[in-house]
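Engineer: Pasting a structure here, questions to come.
The values are calculated or read from the model by the stated rules, or taken from the named source; none is laboratory data. On a predicted model such as this, the values are computed, not experimentally measured, just so you know. Reconstructed Cβ throughout: ideal geometry from the backbone, glycine too, with neighbour counts over all protein chains shown.
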Amino acid sequence: MTRHTLVALVEDKPGVLNQMASLFRRRGFNIESIAVGHSEVPHLSRMTIVVNGAAAMVEQVRKQLDKLIDVVKVSDITGDDIVARELALIKVKTTSSTRSEIIEIADIFRANIIDVASDSLTIEITGDEDKIDSLFNLLRGFGIREIARTGCIAMTRGGSGPVSTDKRSPKTKEKSPNK
Amino acid sequence: MVCESLVREGVEVIFGFPGGTVLPLFDTLPRYPQLRHILVRHEQGAAHAADGYARATGKVGVCIATSGPGAANLVTGIANAHLDSVPIIAITGQVARPFIGKDAFQELDITGITQPITKQNYLALDVASLPRIFKEAFYLARTGRPGPLLIDIPRDVFIDQAEFHYPNKVDLPGYKLTLQGHPAQIKKAAKLINEAQCPLIIAGRGVNISTAYAELKELAEKAQIPVVTTLLGISCFPESHALSYGMLGMHGMAYANFAVNDADLIIAIGMRFDDRATAKVSAFAPNAKIIHIDIDPAEIGKNVRVDVPIVGDAKAVLQKLNKQVTSAQHIDWVRQLDDWRRKHLSTNIRDTDQLLPQYVIRKIYEVTRGEAIIVTGVGQNQMWAAQHYWYNKPNSLISSGGLGTMGFELPAALGAKIGCPDETVWCIAGDGGFQMTIQELATIVQEKAAVKIAIMNNGYLGMVRQWQELFYRKRYVATPLTGPDFVKIAEAYGLRGLKVKRNEEVVPAIETAMAEPGPFLIDFKIEPEENVYPMVPPGAALSEVIEEPKKEPKVITDSAKLSVSNI
């Protein structure tokens, strides 16, 4: 079992996420994180999926994902030179005596304070998973009210990545005549 | 909109069952006399009939059901088509748009349910999108690896109006077709074939779908390569050909399985290394390099390691490959296979007074001269039909391979007969599976579809009973079953039938059935505890095939087969 990061370019249509998730579900894979957002091309979304599984099984899923009509491209970038980031919002309990210490810790992590209340602070942090985990561990002693994480988003460094749109052939960019 | 799209796609036949949400569609049908609607008696029958129609004709089969239970009843048929790569389009009614998601009467999330068993499915929320959806659906059904699609249309969308504009092209950036095969891979494959001492072709349904019959024959003959097939590959290569060594797998010919075990090169064409074909995967073809030609990249390397993968259409790839393959003989290898065939004649039939199913199948073969389309159920009847009928005509076996759907036989035979009215269509059924879709007898009679039905009636769910006999110490739990008097049932439905209990009645009964202009049913009361042999026990390797225990040594020889070789 190894951790795999897959990136995909998919049609922005209802049901696509369901179809993709279903291919993991039927094998009993638990998706660690999945992050989707618009890509640079209208009607296409880019997705990052992090999943644990045996390499051969993940490759089989990748091929089946690629087979889905609404999936334009999908690639396993696990071994590649990639940048991967995650964003987290952490709401920490504060008292007048702990507030400044928490702000100091956030500063060290180059995290932002985005909301302040009398008894809590909300911190926004971006980074790789380890960085977010470290901050979380440091703050745990103060009492965490809530944490929300986006899950990992990733792309390969330099050049054009395996699922970038600028390598698409002109033919597939054509609009259908009925539109 | 729907009918107009169907006409544009050249649809001639629809198998369906009406209901509330599809009423607007049925109301427009009389305006399209070129669309023949066949009313089935259960929606599962509609899906299987569309499947049988598609397999027999190579065209897209179409079925229609209403929302809720109607759509749900299609599911087995859609799954069946999905596993066997059959192009069908299911049109389902849905509750009107304002009611979707509110658990309205007969509402069902059928696109959600069928998502893993369709190549693609659609919920049409806008009438103007229907032409595009139909264009895409038919394109997807027909191209690449064929498969089922479902189009779910809310009742009020059927009623809405829009200008009909049928697109010429589809825009599917995520749909990648690789048809031609990579030249470097084909070159590598040719090199392996030219160097092999003991090459073996395993041909699957992909050859039938791609109609690569001539190309396969050319490859086999040019380099003298023996050919075995999967269950669904049967009939893609004439079984009376000297280089044909039958079906491999769990109930394959012993010599076919030995050949796989000893081959030094496997050329797998349009097949997916299903577990029923490979038996124990780790022991599959232990001495062989494997070339795998398949249109679906997700099949490459899924079950077995592959040395040379070629993604492409079987016909296109074989045409290129054949040019690079040199003529060869492989005399010793072919002699070895013939030797195995002589010593392990897997198609022997015991000479006995008991009515044996193998004998019945063989006689159907003889009376029809091997020119019928055979549609089988699932279980023992299916294996006997695969083993004891010799398929020389391309695409002449229709069977539920991947899903193994009992009850497939009768509606699929109906679909095949509707699609090929000039062909003789025999439905080979078991008494168990036949009772699952027996109601389609009414459809057959109403449509005057001259399907000939042979029930292998042993009073058991035979294949399961065989497993209980061999692996569960003969504890026959839930396998003995009674059935109705099938001849009386046939008569009640309005077709003629005969009961056959003795060997000498077999041929006259088959001849009577053939002479009957309409449908005909024969209830063959076969030996109740007859088993299917050869058999590779579950979990064993292909080489560990069990052959029929020698009860009575005297056998009918394979003279019938040998005399028609070289066709």
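Engineer: Before we move on, is residue B:415 within 17 Å of the chain's Cα centre (by Cα), in contact (Cβ under 8 Å) with a residue 24 or more places away in the chain and not assigned by TED's automatic domain parsing to the domain that holds residue B:15? Give the steps one after another, and end with the answer.
Structural biologist: Numbers: within 17 Å of the chain's Cα centre (by Cα): yes; in contact (Cβ under 8 Å) with a residue 24 or more places away in the chain: yes; not assigned by TED's automatic domain parsing to the domain that holds residue B:15: yes.
Yes; evaluated as a whole, the condition is true for this residue.
Engineer: Now for a separate question. For the range B:94-111, does any single residue satisfy the condition of being within 11 Å of another protein chain (Cβ to nearest Cβ) and touching a Ser or Thr at 6+ places or on another chain (Cβ under 9 Å)? Before you say what the answer is, go through the steps one by one.
Structural biologist: Let us first name the residues in the range B:94-111 that are within 11 Å of another protein chain (Cβ to nearest Cβ), namely B:109, B:111.
Now restrict to residues that are touching a Ser or Thr at 6+ places or on another chain (Cβ under 9 Å): B:111.
Scanning the range B:94-111 turns up at least one residue that is within 11 Å of another protein chain (Cβ to nearest Cβ) and touching a Ser or Thr at 6+ places or on another chain (Cβ under 9 Å).
Engineer: If you go through the range B:4-15 one residue at a time, do you hit one that is small (Gly, Ala, Ser) and more than 26 Å from residue B:408 (Cα to Cα)?
Structural biologist: Step one: of the range B:4-15, the residues small (Gly, Ala, Ser) are B:5, B:10.
Narrowing the set further to residues that are more than 26 Å from residue B:408 (Cα to Cα) leaves B:5.
The answer is yes, given that some residue of the range B:4-15 is small (Gly, Ala, Ser) and more than 26 Å from residue B:408 (Cα to Cα).
Engineer: May I ask you to say which residue of B:15, B:99 is surrounded by fewer than 24 Cβ atoms within 10 Å (Cβ to Cβ) and among the aromatic types (Phe, Trp, Tyr)? First the steps, then the outcome.
Structural biologist: Working: B:15 fails: surrounded by fewer than 24 Cβ atoms within 10 Å (Cβ to Cβ).
Result: B:99 is the single residue among B:15, B:99 that is surrounded by fewer than 24 Cβ atoms within 10 Å (Cβ to Cβ) and among the aromatic types (Phe, Trp, Tyr).
Engineer: Given the condition assigned to a helix (DSSP H, G or I), more than 14 Å from every other protein chain (Cβ to nearest Cβ) and farther than 27 Å from residue B:85 by Cβ, answer yes or no: does some residue in the range B:199-216 qualify?
Structural biologist: There is no residue in the range B:199-216 that is assigned to a helix (DSSP H, G or I), more than 14 Å from every other protein chain (Cβ to nearest Cβ) and farther than 27 Å from residue B:85 by Cβ.
Engineer: Among residues belonging to the range A:39-53 that are surrounded by 13 or more Cβ atoms within 10 Å (Cβ to Cβ) and within 14 Å of chain B (Cβ to nearest Cβ), point out the one that is nearest to the chain's Cα centre (by Cα). Even if it seems obvious, please write down each step before you answer.
Structural biologist: Looking only at the range A:39-53, we keep the residues that are surrounded by 13 or more Cβ atoms within 10 Å (Cβ to Cβ), and these are A:39, A:41, A:44-53.
With the extra rule that they be within 14 Å of chain B (Cβ to nearest Cβ), the set shrinks to A:39, A:41, A:44-47.
On the way: A:39: 14, A:41: 19, A:44: 16, A:45: 13, A:46: 10, A:47: 7 Å.
Checking each candidate, the answer is A:47.
Engineer: Please go through (1) part of a helix (DSSP H, G or I); (2) more than 8 Å from chain A (Cβ to nearest Cβ) for residue B:150 and return the number of the only condition it doesn't satisfy.
Structural biologist: Evaluating residue B:150 over (1) part of a helix (DSSP H, G or I); (2) more than 8 Å from chain A (Cβ to nearest Cβ) leaves (1) as the failure.
Engineer: Follow-up. Can you tell me which condition residue A:36 does not meet? The list is (1) free of Cβ contacts under 8 Å to residues at least 60 places away in the same chain; (2) surrounded by fewer than 17 Cβ atoms within 10 Å (Cβ to Cβ), and all the others hold.
Structural biologist: (2)
Engineer: Could you pull out every one of the helices (runs of 4 or more DSSP H) wholly within the range B:336-443 that has 3 or more residues that are hydroxyl-bearing (Ser, Thr, Tyr) and more than 17 Å from residue B:86 (Cα to Cα)? Give the steps one after another, and end with the answer.
Structural biologist: Values: elements: B:357-368, B:380-388, B:409-419, B:431-434.
In the range B:336-443, B:357-368 are the helices (runs of 4 or more DSSP H) which contain 3 or more residues that are hydroxyl-bearing (Ser, Thr, Tyr) and more than 17 Å from residue B:86 (Cα to Cα).
Engineer: Between a first residue in the range B:93-105 that is within 14 Å of residue B:156 (Cα to Cα) and a second residue that is in a loop (DSSP other than H, G, I, E, B) and among the charged types (D, E, K, R), which pairs have beta carbons less than 6 Å apart while being 6 or more apart in sequence or on different chains?
Structural biologist: Here the result reads B:95/B:107, each pair linking the range B:93-105 to a residue that is in a loop (DSSP other than H, G, I, E, B) and among the charged types (D, E, K, R).
Engineer: Residue A:31 - would you say it is more than 11 Å from chain B (Cβ to nearest Cβ), within 23 Å of residue A:127 (Cβ to Cβ) and at pLDDT 95 or above? Give the steps one after another, and end with the answer.
Structural biologist: Numbers: more than 11 Å from chain B (Cβ to nearest Cβ): yes; within 23 Å of residue A:127 (Cβ to Cβ): yes; at pLDDT 95 or above: no.
Judged against the criteria, residue A:31 is not a match.
Engineer: Touching a Pro at 6+ places or on another chain (Cβ under 9 Å) and of a type in the set (D, E, K, R), is that true of residue B:343? Give the steps one after another, and end with the answer.
Structural biologist: Numbers: touching a Pro at 6+ places or on another chain (Cβ under 9 Å): no; of a type in the set (D, E, K, R): yes.
Here the answer is no, as residue B:343 does not meet what is asked.
Engineer: Another question, then. For residues that are in contact (Cβ under 8 Å) with a residue 40 or more places away in the chain, under 17 Å from residue A:111 (Cβ atoms) and of a type in the set (A, V, I, L, M), tally how many sit in the range A:121-163.
Structural biologist: 6
Engineer: Moving on to the next point. Of all residues being touching a Lys or Arg at 6+ places or on another chain (Cβ under 7 Å) and more than 16 Å from residue A:131 (Cβ to Cβ) in the range A:75-91, which is nearest to the other protein chains (Cβ to nearest Cβ)? Just the residue, please.
Structural biologist: My answer is A:76.
Engineer: Of the residues B:464, B:532, only one is hydrophobic (A, V, I, L, M, F, W, C), within 30 Å of residue B:257 (Cβ to Cβ) and part of a helix (DSSP H, G or I); which?
Structural biologist: B:464
Engineer: Only residues that are part of a helix (DSSP H, G or I), in contact with a strand residue (DSSP E or B) (Cβ under 7 Å, 6 or more places away or on another chain) and away from chain A (no Cβ under 14 Å): list them for the range B:295-317, please. Walk me through how you get there before you give the answer.
Structural biologist: Of the residues in the range B:295-317, the ones part of a helix (DSSP H, G or I) are B:297-299, B:314-317.
Then keep just the ones that are in contact with a strand residue (DSSP E or B) (Cβ under 7 Å, 6 or more places away or on another chain); that gives B:297, B:314, B:316-317.
Listed by number, the residues that qualify are B:314, B:316, B:317.
Engineer: If the requirement is being within 14 Å of chain B (Cβ to nearest Cβ), aliphatic (A, V, I, L, M), assigned to a helix (DSSP H, G or I) and crowded, with 17+ Cβ neighbours inside 10 Å, which of these qualifies: A:23, A:17?
Structural biologist: Details: A:17 fails: crowded, with 17+ Cβ neighbours inside 10 Å.
Criteria check complete, one pass: A:23.
Engineer: Here's a follow-up. When both residues are 6+ apart or on different chains and their Cβ atoms are under 6 Å apart, which pairs have a first residue that lies in the range B:249-272 and is in contact (Cβ under 8 Å) with a residue 24 or more places away in the chain, and a second that is of a type in the set (Lys, Arg) and assigned to a helix (DSSP H, G or I)?
Structural biologist: Matching pairs, first to second residue: B:249/B:276; B:250/B:276; B:255/B:341.
Engineer: Here's another thing I want to ask about it. Inside the range B:216-243, can you point out the residues that are of a type in the set (Gly, Ala, Ser) and surrounded by fewer than 24 Cβ atoms within 10 Å (Cβ to Cβ)? Step through it out loud before you land on a result.
Structural biologist: First, the residues of the range B:216-243 that are of a type in the set (Gly, Ala, Ser): B:220, B:223, B:233, B:235, B:240, B:242.
Correct list: B:220, B:223, B:240, B:242.
Residue-by-condition table, conditions (1) out of contact with any Lys or Arg (no Cβ under 9 Å at 6 or more places or on another chain); (2) in a loop (DSSP other than H, G, I, E, B); (3) within 14 Å of chain B (Cβ to nearest Cβ); (4) crowded, with 17+ Cβ neighbours inside 10 Å:
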residue: A:57; (1), (2), (3), (4): no, no, yes, no
residue: A:62; (1), (2), (3), (4): yes, no, yes, yes
residue: A:69; (1), (2), (3), (4): no, yes, yes, yes
residue: A:73; (1), (2), (3), (4): no, no, yes, yes
residue: A:95; (1), (2), (3), (4): yes, yes, no, no
residue: A:101; (1), (2), (3), (4): yes, no, no, no
residue: A:106; (1), (2), (3), (4): yes, no, no, yes
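Engineer: Whether any residue in the range B:174-196 is within 14 Å of chain A (Cβ to nearest Cβ) and among the hydrophobic types (A, V, I, L, M, F, W, C) is what I want to check.
Structural biologist: Restricting attention to the range B:174-196, the residues satisfying the condition of being within 14 Å of chain A (Cβ to nearest Cβ) are B:174-178.
If we keep only those that are among the hydrophobic types (A, V, I, L, M, F, W, C) too, we end up with B:177.
Within the range B:174-196, one or more residues are within 14 Å of chain A (Cβ to nearest Cβ) and among the hydrophobic types (A, V, I, L, M, F, W, C).
Here is a yes/no grid of residues against (1) over 18 Å from residue B:396 (Cα atoms); (2) in a loop (DSSP other than H, G, I, E, B):
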| residue | (1), (2) |
| --- | --- |
| B:191 | yes, no |
| B:234 | no, yes |
| B:238 | no, yes |
| B:249 | yes, yes |
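Engineer: Tell me the residue from B:522, B:556, B:567 that is closer than 20 Å to residue B:368 by Cβ, among the hydrophobic types (A, V, I, L, M, F, W, C) and modelled with pLDDT of 95 or more, please. Walk me through it before giving the result.
Structural biologist: Numbers: B:556 fails: modelled with pLDDT of 95 or more; B:567 fails: modelled with pLDDT of 95 or more.
On inspection, the qualifying residue turns out to be B:522.
Engineer: Considering B:318, B:337, which residue is under 25 Å from the mean Cα position of the chain (by Cα), aliphatic (A, V, I, L, M) and at pLDDT 95 or above?
Structural biologist: Numbers: B:337 fails: under 25 Å from the mean Cα position of the chain (by Cα).
Just one listed residue meets the conditions, B:318.
Engineer: Right, next: Sort out which residues of the range B:56-69 are farther than 16 Å from residue B:451 by Cα and in contact with a strand residue (DSSP E or B) (Cβ under 7 Å, 6 or more places away or on another chain), and write them in order of number.
Structural biologist: Selection gives B:60, B:61, B:62, B:63, B:64, B:65, B:66, B:67.
Engineer: Ok, one more. Could you say which residue among B:157, B:227 is farther than 30 Å from residue B:99 by Cα and more than 11 Å from chain A (Cβ to nearest Cβ)? Write out each step before concluding.
Structural biologist: On the way: B:157 fails: farther than 30 Å from residue B:99 by Cα.
Matching residue, one of B:157, B:227: B:227.
Engineer: Take the conditions buried (at least 16 other Cβ atoms within 10 Å of the Cβ) and either without any contact (Cβ under 8 Å) to a residue 24 or more places away in the chain or over 25 Å from residue B:167 (Cα atoms) (or both) and apply them to residue B:51. Does it pass? Show your work before the answer.
Structural biologist: Values: buried (at least 16 other Cβ atoms within 10 Å of the Cβ): yes; either without any contact (Cβ under 8 Å) to a residue 24 or more places away in the chain or over 25 Å from residue B:167 (Cα atoms) (or both): yes.
Yes: the conditions hold for residue B:51.
Engineer: Check residue A:83 against each of (1) among the β-branched types (Val, Ile, Thr); (2) out of contact with any helix residue (DSSP H, G or I) (no Cβ under 9 Å at 6 or more places or on another chain); (3) in a loop (DSSP other than H, G, I, E, B) and name the one condition it does not meet.
Structural biologist: (3) is the only condition that residue A:83 fails.
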